[in-house]
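> Got a structure for you, questions after.
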Amino acid sequence: MSSRIALRFCAVLIFAACVWGVARAQMPNPYGASIGVEEAKKVAAPALAEAAKNHWSIAVAIVDPAGNLVYYEKMDNTQLGSATVAVEKARSAARFKRPTKAFQDAVASGGEGLRVLGLEGAVPLEGGIPLVMDGKIVGAIGASGATSAQDAQCAKAGADTLK
């Protein structure tokens with residue numbers, strides 16, 4: 001009986017660690033007014049430049065805090081599926097107030113982390129990052145077309161313009 005209790009205790013601890021990890025990744029920042037089109041273009045430009053510098057072809061999407069598309073650009077020869085993925089990464093980052101890498105890491109941990117796959121709109125692929133201005137989330141950037149880590153590198157280049 002004691003081994004059964006110990007096993008349940010371990011299962012509860014693992015579950016709590018997974019929940020804590022994903023919940024902790026949420027940014028405490030409140031939502032602010034939506035990023036404008038001109039500012040969105042300024043955020044997208046460094047992301048696209050980072051991709052061009054590394055000879056990657058990507059799509060970049062900028063959304064408002066609700067996940068509505070504000071600006072989108074796709075480089076020539078980017079795989080067609082990346083068009084949708086870039087938008088979904090940005091939406092996921094904005095709506096859940098965290099980088100999509102948090103979901104990727106949760107899924108990679110397995111076990112209870114796999115519950116992320118049941119969250120509608122949560123994209124478990126690195127490359128979506130919330131955009132913060134004056135301490136408020138004004139939208140998010142999503143990049144897709146290269147590897148997830150490369151997409152994230154490009155998205156970070158764009159997001160860093162607001163710091």
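> State whether one or more residues within the range 86-101 are assigned to a strand (DSSP E or B) and open to solvent by less than 60 Å² (accessible area, probe 1.4 Å).
no
One line per residue, one yes/no per condition, for (1) part of a helix (DSSP H, G or I); (2) surrounded by 24 or more Cβ atoms within 10 Å (Cβ to Cβ); (3) in contact (Cβ under 8 Å) with a residue 24 or more places away in the chain:
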position: 113; (1), (2), (3): yes, no, yes
position: 124; (1), (2), (3): no, no, yes
position: 140; (1), (2), (3): no, yes, yes
position: 143; (1), (2), (3): no, yes, yes
position: 150; (1), (2), (3): yes, no, yes
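> Assess whether residue 106 counts as being out of contact with any Ser or Thr (no Cβ under 7 Å at 6 or more places or on another chain) and surrounded by 21 or more Cβ atoms within 10 Å (Cβ to Cβ).
Against the criterion (out of contact with any Ser or Thr (no Cβ under 7 Å at 6 or more places or on another chain) and surrounded by 21 or more Cβ atoms within 10 Å (Cβ to Cβ)), residue 106 qualifies.
> Could you list, in sequence order, all residues of the range 126-138 that are among the acidic types (Asp, Glu) and without any contact (Cβ under 8 Å) to a residue 60 or more places away in the chain?
126
> Restricting to the range 31-55, count the residues that are hydrophobic (A, V, I, L, M, F, W, C) and surrounded by fewer than 19 Cβ atoms within 10 Å (Cβ to Cβ).
Residues that pass the stated criteria total 5.
> Looking at (1) part of a helix (DSSP H, G or I); (2) surrounded by fewer than 21 Cβ atoms within 10 Å (Cβ to Cβ); (3) not aromatic (Phe, Trp, Tyr), find the lone condition where residue 76 falls short.
So residue 76 meets the others, but not (1).
> Of the conditions (1) part of a strand (DSSP E or B); (2) open to solvent by 70 Å² or more (accessible area, probe 1.4 Å), residue 28 fails just one. Which one is it?
Failing condition for residue 28: (1).
The values are calculated or read from the model by the stated rules, or taken from the named source; none is laboratory data. None of these values were measured; they are calculated from a predicted model. Note that we place each Cβ from the backbone using ideal geometry, even for glycine, and neighbour counts take in every protein chain shown. SASA here: full protein model, heavy atoms, side chains in, ligands and nucleic acids out. Shrake-Rupley method; radii C 1.70, N 1.55, O 1.52, S 1.80 Å.
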